[in-house]
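As structure tokens, the structure follows; a few thoughts come after it.
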Amino acid sequence: ILEPSFFNQDKPLWKHAIITVFCIFFSLFCKCDEALASPLPHTAFTSSSVFSSGYAPGYAKLNRRGGAGGWSPLDSDHYQWLQVDLGSRKQVSAIATQGRYSSSDWTTQYRLLYSDTGRNWKPYHQDGNIWAFSGNSNSESAVRHELQQGIVARFLRLIPLEWSEEGRIGLRIEVYGCSYWADIINFDGQGVISYRFKVKKMKIIKDVIALRFKTSESEGVILHGEGQQGDYITLELRKAKLLLQINLGSNQYGSILGHTSVTTGSLLDDNHWHSVVIERYRRNVNFTLDRHTQHFRTNGEFDHLDLDYEVSRDERNLSFTCAETHTFPVFFNATSFLQLPGRANHNTVSVGFQFRTWNPHGLLLFSNLDDGTLEISLEDGKVAVHINVTKAAKSYRVDLSSGSGLNDGQWHAIRLVAKENFAMLTIDGEEVSAVRSVSPLSITTGGTYHLGGKGQPSTNTTFLMRTRPTLVPASFISICYCCPPLSRCMPNHCEHGGRCKQTWDSFSCTCDGTGYTGATCHTSIYEPSCEAYKHLGKSSDAYWIDPDGSGPLGPFKVNCNMTEDKVWTTVMNNLPPKTIVTGSSRNRRTVLQVNYSASMDQVTAITTSAEYCEQQIAYSCRMSRLLNTPDGTPYTWWVGRGNEKHFYWGGSGPGIQKCACGIDRNCTDPKYDCNCDADVKQWREDSGLLVYQEHLPVSQVVVGDTNRSGSEAKLTVGPLRCQGDNNYWNAASFTTPSSYLHFATFHGETSADISFYFKTSAAYGVFLENLGNTDFIRLELKSPKVVSFSFDVGNGPVELIVHSATSLNDDQWHRVMAERNVKEAVLQLDQTYRTSRLAPAQGHTRLELFSQLYVGAAGGQRGFLGCIRALRMNGITLDLEERAKVTPGVKPGCQGHCNSFGMYCRNGGKCVERYNGYLCDCTATAYNGPFCTRDVGGFFEAGTLVKYNFLPEAIAGASKDTKVLTHQLTPHEVNLTKEEVAFSFSTSSAPAVLMYVSSKTQDYLAVVLRQNGSLQVRYNLGGLREPFTIDVDQRNLANGQPHSINMSRHDRRITIQLDHYPAVSYNLPEDSDTQFNLVKTLFLGKVYETGHIDPVIIERYNTPGFIGCLSRVEFNGIAPLKSALRTAVKSQGKLVESNCGASPLTIPPMSAATDPWHLDKTDAVFPFNEERVIPDGVNRDSAIIGGIIAVVIFTILCTLVFLIRYMFRHKGTYHTNEAKGSGESAAESADTAIIGTDNPETIDESKKEWFI
């Protein structure tokens, strides 16, 4: 049953007068297969020409032998045609052809045109092309073709394209179909029919509207209906395109906007019948034009179309017959032109015609004047007129140009008037387009005008022009009856809002600003999730994601937080924190709408694929009840996905009408299950996390108890946070060559994309395959370095191959992306190797499959051995894991992710396998972050130090600001022949100790800043009287800027790189030892050692200690600073983690002449004690006070020494209060067991000497 159309009579419906004819019809037949041509008289058949009287078109009936046995034209060329008049409009369902009886004449290929008038022809389309039917291979057998898209017409015309090589064109035909009937109404642009319902309020949830129309105008309203609530539906023509506008409702606050607008088709002003069907169920709409359907969802949140009208009927300026136009178009191709006679020897030229084309250049009109030429052409989309006249040895030239973008496929009118000393050109009758010339000019007209050429076929123009009815009869020279304008943008193959542009024979898609790419804007340019961005090596930031790829959901922006082991996706909402709610009651509740930075469908895509989701919700209250009792009606609830009400609060779960405190039994009033339900005058709060994914996100909160005196509430709904992406890691392992998974048939008729990751050690295997009758699609690993994408849509098999430079059976993850559409096919491997193939200009375009989709071996093909994951087809991820659980020979999941992604773990981080991915373990590095790329740094105050023990021993008197760590070295690590040192620092104070490594002998390594801020490295490995010193740079590095040092020693060779400057090598003297013996302790910031210490270090660099930032400190693979910052022992605020590990600045070298710290040519002497230099004239009283303090301190120290010796007079070792278990911790990990800052280290050996 077809629904009527709705119109609103009370408001003006169209601004342009149109002639729009449309019908609503009922098909009353079950079978439409009657022979329509055989019963017709001979006069119903006509043709372009006849070979002789026995070959007349009236003999062209199937299986008849009259005359010469069929029709043959005088010449066998591409300008011949056979036409049949069915007498009235018929519905045609099939056509059959034969050759001429008992001859060598037949037609092997032809086209079919149809018309209602016999003048305005339309070609039969199939698969988006002007279809070419296959004909006969002999003279007797009949070849029948069922029309996939039935046509309604009175006149049919067959155009032979190919014919017998042995003879000439020969045809006998039969047309199958049935009678056709429909109600027709003719509108003249002023008439209107209104249909008003008896029921006042029509609340419609489902609509079906069907009609046909034809018109020669490009603008006009076809259908309109609206209601008093603001709902409306409108169908209209705009620029010969069909526009549907629908609004199911918007709210008064503007937070819900229901207006939806969809455009389809083009060239609908061709005066041919077009079929429209609009089907709506709730917000889902199918919009069909000429059997091409667009599926879309209306905007907003409402489902009903509210129309409020009564029945009435008004007929004005209407007729129930179809008025035919008196003009008809003439089509030109690259080899055609039209010659028209004109009035010769006149002094005025007046030319007017209409044209439309998609080509930016070409000749429109040419005429030889009596003494010159006239040309009207299209140049870069503009109309240009060139008049050249030569008289009395004088040449006159007039050039006019007007318009722009006239190659848009729309009708445009040209009017040119030229006479003595005057010429004017007007486009589309617009006064503003008129251009004039008053240059000297004298014209005498010639006798002929040529449209589309200069009297011979043009090789570079293709135009469609419509002649005016007042022109004199034309001489049709080489007119093409088989090349009418084709709307290449109908159906619109440009997806996701891509703009379709066409030329005469092709179309292109502009994808700018859509978020998609490819020939038809099919493929998303964004990754599907934050998880995918992380495994491309991206760090935390805001990213655009597209969860369904080429599916209907558009891309949207989210915040991605890449932690060490998780990836969080955050979607923000517009509800301010602690939004105040007042004046609500159970009878009149306050509804707070929560809108997100993405649509509800987009957010749902995140929650559906996530491993876990959460959303914080908090209700702060004062005399405002929340949920009431578990059995009572709640005062407040929230609405989640699917518009379902939920009566539980954060921290609780579905079906439990409680808050978090009710679950934990710690509410302020134990009689209630929510803090707010106690209804007290003090502020209380109920908050917690909502974690039930199927209910998230929160879309509304309905509050119902804030209208009493003193009652007030504040609501907070946090952002939606989801972790992980199950689709990205959805994988299956194929363990036998015959194992496979099967899924439903893949539907990718006009566009199909397939993407997945694979890894294998096998040399070949079929990834997937789907079959049809002759159509198929297959992706295959053909050899260790070759991936193949093959398919057939009816034009013969096509295969695309990419060759990899390296073997693909390396057990590493590789990504395959394949796409096929009506324009091209593309195959891409690892975003590196890519090949493409253009689709043929004519032929089949639909991929029609019927078998199941097989992933792995199928149909006797070579099976795939390995893993496939994240298999996505047209935006839908196939659940490989779920299917693999019930399929023999296939296992869910896949191990070995580190083989492919381990390279992203930087700076020595170790890749750790997980079932659904991997993570980077940064424990043994000086870095943190998901890829071990974030520096770990600490800020040192005066006196703060980090002490890292390589051997278990203790020191007395450790500072309370000291962090002590232990690390048991193996025997070969105790005596070193090489060191690797790296760290960054920034400070404004000098001198200072950056790093000091001591030993149980006198060997040590020190990296210090001298008094002038320059860097010095000191090595003492024995064999030398003085330590070997290296002045790395004479510049002042204590300038507050970050600097880095990388140093290595191997035997005698020392290599040092400062910042980004080239590395410099040094060599230890020959007398020096090369072994660093009994390495004991590493200090950062300051030295506090009981063994031998170079006195220069103590005197010059150790007081007050390093003040500034150290970061990414490493010594032979150990990260002492990171270990100190990650321990559970408190540093009492002296060592604070700080983000000071920025990349060092590249400081240009400074010449010695300008360097104020260069010491080679100066006698400057720097103080070498740790006290500040006191200027002359210092206050004497201060000196006296300082002396007294010094005496007191000395006395205290002496007393302590006496007491210590007395207490341990019977002992040969130091005792310690070291926490128990530290040794155990040290044995467990290299970077744990940090001792308390007040506890000295244990020394296990006896000492005969004392060091204080």
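The values are calculated or read from the model by the stated rules, or taken from the named source; none is laboratory data. Keep in mind that this is a model prediction, so the values were computed, not measured. As a convention, Cβ positions derive from the backbone with ideal geometry for all residues, glycine included, and neighbour counts pool all protein chains shown. These area figures cover heavy atoms from the full protein model, side chains too; ligands, DNA and RNA do not enter into them. Shrake-Rupley method; radii C 1.70, N 1.55, O 1.52, S 1.80 Å.
What's the carbon and sulfur percent of segment 117-199's accessible surface, probe 1.4 angstrom, rounded to a whole number?
Solvent-exposed carbon and sulfur of segment 117-199 make up 45 percent of the total.
How would you classify segment 1015-1110 from its alpha-carbon gyration tensor, with a ≥ b ≥ c the square roots of the eigenvalues: rounded for a/c under 1.5, else prolate if a/b is greater than b/c, otherwise oblate?
oblate
From the phi of every residue in segment 548-561, what ³J(HN,Hα) in whole Hz does the Karplus formula 6.51 cos²θ - 1.76 cosθ + 1.60 yield, where θ is phi - 60° and glycine or proline is x?
10, x, 7, x, x, 6, x, x, 8, 9, 9, 9, 10, 10
Would you kindly derive the ³J(HN,Hα) couplings of segment 710-726 from the backbone phi angles with the Karplus curve 6.51 cos²θ - 1.76 cosθ + 1.60 (θ = phi - 60°), listing them in order in whole Hz, with x for Gly and Pro?
With coefficients 6.51, -1.76 and 1.60, one gets x, 8, 7, 8, 10, 10, 10, 10, x, x, 7, 10, 10, 10, x, 8, 5 Hz.
Would you work out the charge dipole size for segment 730-894 about its Cα centre, treating the Cβ of every Lys and Arg as +1 and the Cβ of every Asp and Glu as -1, and quote it to the nearest 20 debye?
Approximately 260 debye in magnitude.
Treat every Asp and Glu Cβ in segment 1022-1103 as -1 and every Lys and Arg Cβ as +1, leave all other atoms uncharged, and give the resulting dipole magnitude about the Cα centre to the nearest 20 debye.
200 debye
Report ³J(HN,Hα) in whole Hz for each residue of segment 731-736, in order, from the Karplus equation J = 6.51 cos²θ - 1.76 cosθ + 1.60 where θ = phi - 60°; Gly and Pro get x.
Computed from phi, the couplings for segment 731-736 are 9, 9, 10, 9, 9, 10 Hz.
Just want the answer: with Cβ charges of +1 for Lys and Arg and -1 for Asp and Glu, which residue in CYS661, TYR692, TRP729 is farthest toward the dipole's positive end in segment 623-740?
CYS661
Amide H neighbours of VAL383 under 5 Å, counting only residues 5+ apart in sequence or on other chains, H built in-plane at 1.01 Å?
For VAL383, whose amide H was placed from the backbone, the distant partners under 5 Å are SER402.
Quote the accessible area belonging to ASP775 in square angstrom, nearest 10, computed with a 1.4 Å probe and with ligands, DNA and RNA left uncounted.
So the heavy atoms of ASP775 present about 10 Å² to solvent.
Using alpha carbons only, what's the Rg to Rh ratio of segment 1037-1076 with Rh from Kirkwood?
Using Cα coordinates only, the ratio equals 1.11.
Of LYS947/LYS978; LYS978/LYS1080; LYS566/LYS885, which sit over 23 Å apart, Cα to Cα?
LYS566/LYS885
If you bin every alpha carbon distance in segment 202-307 into 10 Å steps from zero, what whole percent lands in each bin?
Pair shares across the bins are 15, 48, 28, 9, 0.
How large, in percent, is the carbon and sulfur part of the accessible surface of segment 202-307 at a probe radius of 1.4 Å?
Using a 1.4 Å probe with all protein chains present, segment 202-307 comes out at 45 percent carbon and sulfur.
Going highest first, how would you order 404-415, 1073-1084 by mean Cβ packing within 10 Å?
Put in order of decreasing packing, that is 1073-1084, 404-415.
Place +1 on the Cβ of every Lys and Arg and -1 on the Cβ of every Asp and Glu in segment 793-878, take the dipole about the Cα centre, and give the residue among GLY863, VAL802, GLY875 whose Cα lies farthest towards its positive end.
Of GLY863, VAL802, GLY875, it is GLY875.
Please work out the average accessible area per residue across segment 34-179, using the 1.4 Å probe convention, and give it in Å².
Dividing the accessible area of segment 34-179 by its residue count gives 38 Å².
So how far, in whole Å, is the C-alpha centre of segment 585-622 from the one of segment 638-676?
Taking the Cα centre of each part, segment 585-622 and segment 638-676 sit 15 Å apart.
To the nearest 20 debye, what is the magnitude of the charge dipole of segment 34-179 about its Cα centre, counting +1 on the Cβ of each Lys and Arg and -1 on the Cβ of each Asp and Glu?
Approximately 460 debye in magnitude.
Based only on the alpha carbon positions, what is the Kirkwood hydrodynamic radius of segment 29-80, in angstrom?
12.1 Å
Checking the a/c ratio against 1.5 first, then a/b against b/c, what shape does the Cα gyration tensor give for segment 730-894?
Since a/c reaches 1.5 but b/c is at least a/b, the shape of segment 730-894 is classed as oblate.
Skipping prolines and chain starts, which residues have an amide H placed within reach, meaning under 5 Å, of the one on ASN949, given they are 5 or more residues away or on another chain?
Sorted by chain and number, the residues that satisfy this are LEU965, THR966, HIS967, LEU1082.
Sequence-distant or interchain residues sharing an amide H contact under 5 Å with LEU575, placed H: which?
Hits under the 5 Å cutoff: ASN595.
Where only protein heavy atoms count, and the probe is 1.4 Å, what is the accessible area per residue for segment 786-913 in Å²?
45 Å²
Can you give me the % of accessible surface on segment 730-894 that is carbon or sulfur? Probe 1.4 Å, all protein chains present, nothing else counted.
Ligands and nucleic acids excluded, carbon and sulfur reach 51 percent.
Per residue, how many Å² of accessible area does segment 570-723 show with a 1.4 Å probe?
Heavy-atom SASA per residue in segment 570-723 reads 44 Å².
Please name which of PRO1069, VAL1017, ASN1039 has its Cα lying farthest along the dipole of segment 1015-1091 towards the positive end, using unit charges on Cβ (Lys, Arg +1; Asp, Glu -1) and the Cα centre as origin.
Sorting the options by dipole projection puts first ASN1039.
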